[in-house]
Amino acid sequence: MTTQAGHAASVDTGAREALGSACAEVRDATEADAVDGVAPALVARPGSVDEVAEVVRAAAAHRLRVVPRGAGTKLTWGHAPSGVDVLLDLGGLDRVTDHAAGDLIVAAQAGTPLARLQETTATEGQRLTLDETVPGSTIGGILATNASGARRTAVGSARDLLIGITMVRHDGIVAKAGGRVVKNVAGYDLGKLLIGSMGTLGVVVDATFRLHPLPAASRWVTARADSPARAMELAQAAVHGQVVPAAVEVGWEAGAGTVSVLLEGRESGVQGRVDDLSPLLGGDVEVGEEPPAQGATYPWDTAATGDDRATALKVTFALSGLADVLATLEGSPAVLRGSAGSGVVYAALPSSTPVAEASALVDRLRATTTRHGGATVVVDAPAAVKDAVDVWGPVPALALMRRVKDQFDPDHRLSPGRYVGGM
Amino acid sequence: MGAEQIEAVAAVARRTLPAEGVIDDRTRLRTYECDGLAHYRVTPALVVIPEDAEQLGAVVAACAEHGVPYVARGSGTGLSGGALPHAEGVLVVTSRMREILEVRREDQRALVEPGVINLDVTKAASGDGYYYAPDPSSQQICSIGGNVAENSGGAHCLKYGFTANHVAAADFVAPDGETVRLGTTAPDAPGYDLLGAVIGSEGTLGIVTTVEVKLTRLPQDVRTLLVGFESTDQAGAATSAIIAAGIVPAAIEMMDALAIEAAEAAVSCGYPDGAGAVLVIELDGSTADVDAEFDDVERMCRDNGAFEIRVATDPTERALIWKGRKSAFAAVGRISPDYIVQDGVIPRTALPEVLTAIDELSRSSGVRVANVFHAGDGNLHPLVLFDDAVEGAGEAAEKVSGAILDLCIEHGGSITGEHGVGMDKAKYMPRMYSDEDLDTMQLVRCAFDPAGISNPGKLFPTPRLCGEVPGRHKGPHPLQAAGLAEVF
């Protein structure tokens, strides 16, 4: 682990003073602040949007590299940054700024934990239909990584729910796009560009979402599958049935697994749909209110760090590719879980897996998913694996993406190196 | 921009496209002078109608090489002048790219060319039990490419979302003539969501040449209600009650007395006599859910003063209920020689207040306003009526129409929910967004189209010339210095 002293020297006194006057809370970084092993010099914890803007402006003036952080639950995703001068801790921006229940919208600052936002909206019987895939995740972190869970089958992911965004640009300018009404086609949708951009285009400080009613009843209907082909049959039966599944999850390990369908809504409606669905899944099903064991979460230990991390993969495919994806895992110790209903699943290899084996599985999955209209991305992994594989894989339209990056971050100081193509 | 550059592009087009795909005859060019917003008219210098992506790409590449602006046009049904031609530019018409290439039920996807008509996607998928969810009122004639440009919605986007939620991937010709694939069949393609930026960019970032759309499973059951109220206040209160109860209908549409009168005159839809407002409410889903929701919705309507509730019992009755609503814009022509279709959005809870304010505007100005709107999501379509033969009437109507947009902005809404900014509303953008906001959006424009040749003059009021990289170069932009680009 790098020591802070060596890096602190890279931020000169002038820069340090500028940051200090931009933000009340600036301190030297400690080892705990490292971003995937890369130690920042300073940590700034602004308490307001204006302070974020001041910090970013000061960083621009002194050409400092900035990595934003929420709760830090997914900060090791992607590549390690090529360098960090200032870790921008957004934990101080943790307010739900607007909840208009009658309009079914909520707005929150980037550092707000999703769980707290959900507590607020639940008081009015509403929810933001985004799953908390890692405990403690913040709104900003979820947007930066485009994290999604089981319920994306019915309502989509962050890009389908975000309606307005406020960002701080590389030069400290605060800009908004969208608004606080669901229907709005005025101007470019900057929110979509920022989602999943890993902090490389700007710093999201506030986001507005559309909400859905909290369902009164929910049931998980689970069927076992003993072959990839059977798992796909079950998933296809669930999506082609008229049962409006909120989620269609697959769990797979050692050549067998389950397909679980989540039905949500009114009690009478849900019961009716359970009755419709069960025969579609072959009749031999378990029905319960709780997700199946280990279901609907990432198949890796999200608390593990450093070399103890699993090799964590995000695997996407057209729905008809499910059987081939599962078959590709044959003979590997990988555990797979995720949304068979939307074609976004996650696979994990234990940290003990030899690098060559992990790398070979990535290659095989990449070949399969490319054939089936998707992609395989190494979300997180021990450093040795990240070094050995192409973390992001081939990305079409990369040249155009670089032009976007050059416009939004001409000096490449925002989360440098974490993203596709070394951006 | 000179005739010489246009001629250079025309030469490429003549080499690449069949003869009937290149139009440079003055009379024929004039048939393309406007889109659905007919009071803006500009005759393009050249019209090309490519048959495939390759031909289209060749024309755009020639435009890039010679610095000639171009505008894409689908069916030309847009209501904001987004496809208004450029007098010294090329109009690229996609109406010959009209093939549905694949329908893949197992993947819930269809691959279509941009000129394909919206409703034809649903027709092609319905045999498999699927449909294409976004349903603008013009769905019988509007094209998927136009829908992508405008991020079109429709009556059912309350529950199902807009075009942006239903497009997985697209082949895309960037303004430099390069063709790239944006997105993948699967969600979450790695890298920036450029497709998300392109959808709704009104043709200012480039042109899509194939679109992979998501298909939605047809619901087991659909129940459509037509509910008569004495006033829009009552209808608004019923709408609020339904939403507050946690019901998300597929659609809740409202029409006021004047809009009803127009629809009756045009299509004899048989809406309740004497109604001050009607709601068209549609519930869909599994039969069990729809049954339960239906009882609640019916009760909430009665509790809020509904005097007549009709339920469509078959597809014919359902179609008749929708006919009145979907023909509302055109129907207004029966009660007024001229009219402006406005499109603004307010938070739904502000509905009573804003309707009262529109009513006051109408009274004080003497300009009649018929209200048709997507009540569920606060998307207003006031129809501002006037007679152009009366001196000053057009200006008075324009003024009322603009004041309605101001009301939307004051209430935290938007200047457009689905018709787009285009030519018509660019001047309103600074009322909704700050200079910084607009400047930031321009960064996207500059990344995609640094020379500013893709549908210039639309969407933004005062676009800046794209610098190479901000802060790194000073002085005039090289293209400007070379006389190849203008500041627009």
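The values are calculated or read from the model by the stated rules, or taken from the named source; none is laboratory data. Small disclaimer: the values here were computed from a predicted structure and weren't measured. Every residue, glycine as well, gets a Cβ built from its backbone with ideal geometry; the counts of neighbours run over all protein chains shown. These area figures cover heavy atoms from the full protein model, side chains too; ligands, DNA and RNA do not enter into them. Shrake-Rupley method; radii C 1.70, N 1.55, O 1.52, S 1.80 Å.
Some values worked out for this structure:
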read-out: Selection count, the range A:299-328, where residues are away from every other protein chain (no Cβ under 14 Å) and open to solvent by 10 Å² or more (accessible area, probe 1.4 Å); value: 14
read-out: Hits in the range A:79-116 (condition: in contact (Cβ under 8 Å) with a residue 60 or more places away in the chain, buried (at least 20 other Cβ atoms within 10 Å of the Cβ) and under 23 Å from A:Asp160 (Cα atoms)); value: A:Asp103, A:Leu104, A:Ile105, A:Val106, A:Ala107, A:Ala108, A:Gln109, A:Ala110
read-out: Subset tally (residues that are without any contact (Cβ under 8 Å) to a residue 60 or more places away in the chain, farther than 13 Å from A:Gly341 by Cα, among the hydrophobic types (A, V, I, L, M, F, W, C) and surrounded by 19 or more Cβ atoms within 10 Å (Cβ to Cβ)) for the range A:222-273; value: 2
read-out: Given (1) touching a strand residue (DSSP E or B) at 6+ places or on another chain (Cβ under 6 Å); (2) within 8 Å of chain A (Cβ to nearest Cβ); (3) open to solvent by less than 30 Å² (accessible area, probe 1.4 Å), number of the condition B:Phe162 does not satisfy; value: (1)
read-out: Wholly enclosed strands (runs of 3 or more DSSP E) of the range A:73-128 bearing at least 1 residues hydroxyl-bearing (Ser, Thr, Tyr); value: A:96-100
read-out: Members of the range B:26-83 found to be hydrophobic (A, V, I, L, M, F, W, C), touching a helix residue (DSSP H, G or I) at 6+ places or on another chain (Cβ under 8 Å) and under 17 Å from B:Val421 (Cα atoms), listed by number; value: B:Ala72, B:Ala83
read-out: Count of the range B:165-182 residues which are under 22 Å from the mean Cα position of the chain (by Cα) and at the interface with chain A (Cβ under 9 Å from one of its Cβ atoms); value: 6
read-out: Helices (runs of 4 or more DSSP H) within the range B:345-450 that include 2 or more residues out of contact with any strand residue (DSSP E or B) (no Cβ under 8 Å at 6 or more places or on another chain) and among the small types (Gly, Ala, Ser); value: B:351-365, B:393-410
read-out: Residue tally, condition within 10 Å of chain B (Cβ to nearest Cβ), open to solvent by less than 30 Å² (accessible area, probe 1.4 Å), part of a helix (DSSP H, G or I) and in contact (Cβ under 8 Å) with a residue 12 or more places away in the chain, over the range A:383-403; value: 1
read-out: Candidate set from the range A:136-192 (those that are open to solvent by less than 10 Å² (accessible area, probe 1.4 Å), in contact (Cβ under 8 Å) with a residue 12 or more places away in the chain and of a type in the set (Ser, Thr, Tyr)); member that is farthest from the other protein chains (Cβ to nearest Cβ); value: A:Thr138
read-out: Options A:Asp380, A:Asp363: the member that is at pLDDT 95 or above, among the charged types (D, E, K, R), open to solvent by 10 Å² or more (accessible area, probe 1.4 Å) and under 22 Å from the mean Cα position of the chain (by Cα); value: A:Asp380
read-out: When residues of the range B:355-367 are limited to those that are closer than 21 Å to B:Leu279 by Cα and surrounded by fewer than 24 Cβ atoms within 10 Å (Cβ to Cβ), the one farthest from the other protein chains (Cβ to nearest Cβ); value: B:Asp359
read-out: Candidates A:Gly338, A:Gly343, filtered to the one that is at the interface with chain B (Cβ under 10 Å from one of its Cβ atoms), under 28 Å from A:Ala235 (Cα atoms) and surrounded by 23 or more Cβ atoms within 10 Å (Cβ to Cβ); value: A:Gly343
read-out: A:Asp406 being open to solvent by 20 Å² or more (accessible area, probe 1.4 Å) and more than 10 Å from chain B (Cβ to nearest Cβ); value: no
read-out: Filter pass, A:Gly417 being in a helix (DSSP H, G or I) and either open to solvent by 10 Å² or more (accessible area, probe 1.4 Å) or more than 26 Å from A:Val38 (Cβ to Cβ) (or both); value: no
read-out: In the range B:207-250, residue farthest from B:Ala277 (Cα to Cα) [restricted to those that are touching a helix residue (DSSP H, G or I) at 6+ places or on another chain (Cβ under 6 Å), open to solvent by less than 20 Å² (accessible area, probe 1.4 Å) and not hydrophobic (A, V, I, L, M, F, W, C)]; value: B:Thr209
read-out: Restricting the range B:425-459 to residues that are under 18 Å from the mean Cα position of the chain (by Cα) and crowded, with 24+ Cβ neighbours inside 10 Å, the residue that is farthest from B:Pro44 (Cα to Cα); value: B:Lys425
read-out: Number of positions in the range B:19-36 that are under 29 Å from B:Ala426 (Cβ atoms) and open to solvent by less than 20 Å² (accessible area, probe 1.4 Å); value: 3
read-out: Checking A:Thr369 against (1) facing chain B (nearest Cβ under 9 Å); (2) modelled with pLDDT of 95 or more; (3) under 21 Å from B:Thr185 (Cβ atoms); (4) open to solvent by 10 Å² or more (accessible area, probe 1.4 Å), the condition it does not meet; value: (4)
read-out: Residue ranges of helices (runs of 4 or more DSSP H) in the range B:1-76 with at least 1 members within 30 Å of B:Glu398 (Cβ to Cβ); value: B:26-30
read-out: Pairs with Cβ under 6 Å, 6+ apart, first in the range B:5-32 and over 17 Å from B:Arg96 (Cα atoms), second part of a helix (DSSP H, G or I) and of a type outside the set (A, V, I, L, M); value: B:Gln5/B:His66; B:Ala8/B:His66; B:Val9/B:Cys63; B:Val9/B:His66
read-out: Among (1) facing chain B (nearest Cβ under 10 Å); (2) without any contact (Cβ under 8 Å) to a residue 60 or more places away in the chain; (3) open to solvent by 20 Å² or more (accessible area, probe 1.4 Å) - the single one A:Glu132 does not satisfy; value: (1)
read-out: Listing of helices (runs of 4 or more DSSP H) fully contained in the range B:113-205 that carry 1 or more residues being in contact with a Cys (Cβ under 7 Å, 6 or more places away or on another chain); value: B:118-126
read-out: Filter result for the condition that a residue is facing another protein chain (nearest Cβ under 10 Å) and either crowded, with 23+ Cβ neighbours inside 10 Å or at positive phi (or both), over B:His411, B:His419; value: B:His419
read-out: Wholly within the range B:251-339, helices (runs of 4 or more DSSP H) carrying at least 2 residues that are open to solvent by less than 10 Å² (accessible area, probe 1.4 Å) and modelled with pLDDT under 90; value: B:315-326, B:328-331
read-out: Which numbered condition B:Thr184 fails, given (1) open to solvent by 10 Å² or more (accessible area, probe 1.4 Å); (2) out of contact with any helix residue (DSSP H, G or I) (no Cβ under 8 Å at 6 or more places or on another chain); (3) under 26 Å from B:Gly378 (Cβ atoms); value: (3)
read-out: The range A:64-78: number of residues that are crowded, with 24+ Cβ neighbours inside 10 Å and within 14 Å of chain B (Cβ to nearest Cβ); value: 1
